[in-house]
Amino acid sequence: MTNASGLKWFKSSYTESSGNNCVEVALLDHHIAVRDSKVPARTFTLTRTAFTALVKSL
């Protein structure tokens, strides 16, 4: 988990118009923070390499 306050969160351009059913990401120095838009208090971080591998696997 990471402290999510003060982070700039991004959603995919494919997100539905209500925007309440998606994964959000925020860029950190050496990691990517990830959270569910429905439960924004729960976040976790991945290295950039791990995040890239995750996205490529989808």
Can you compute the FRET efficiency between ALA53 and LEU27 using 1/(1 + (r/R0)^6), with r the Cβ-Cβ distance and R0 = 22 Å? Round to the nearest 0.05.
0.85
From the phi angles alone, apply the Karplus equation (6.51, -1.76, 1.60; θ = phi - 60°) to segment 23-34 and give each ³J(HN,Hα) in whole Hz, x where the residue is Gly or Pro.
9, 10, 10, 9, 8, 10, 4, 10, 9, 10, 8, 10
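Readers should treat all values here as calculations from the given coordinates under stated rules, not as data from a laboratory. The structure presented is a predicted model; accordingly, all values stated were derived computationally and were not measured. Cβ coordinates were reconstructed from backbone atoms using ideal geometry, including for glycine residues, and neighbour counts include every protein chain displayed.
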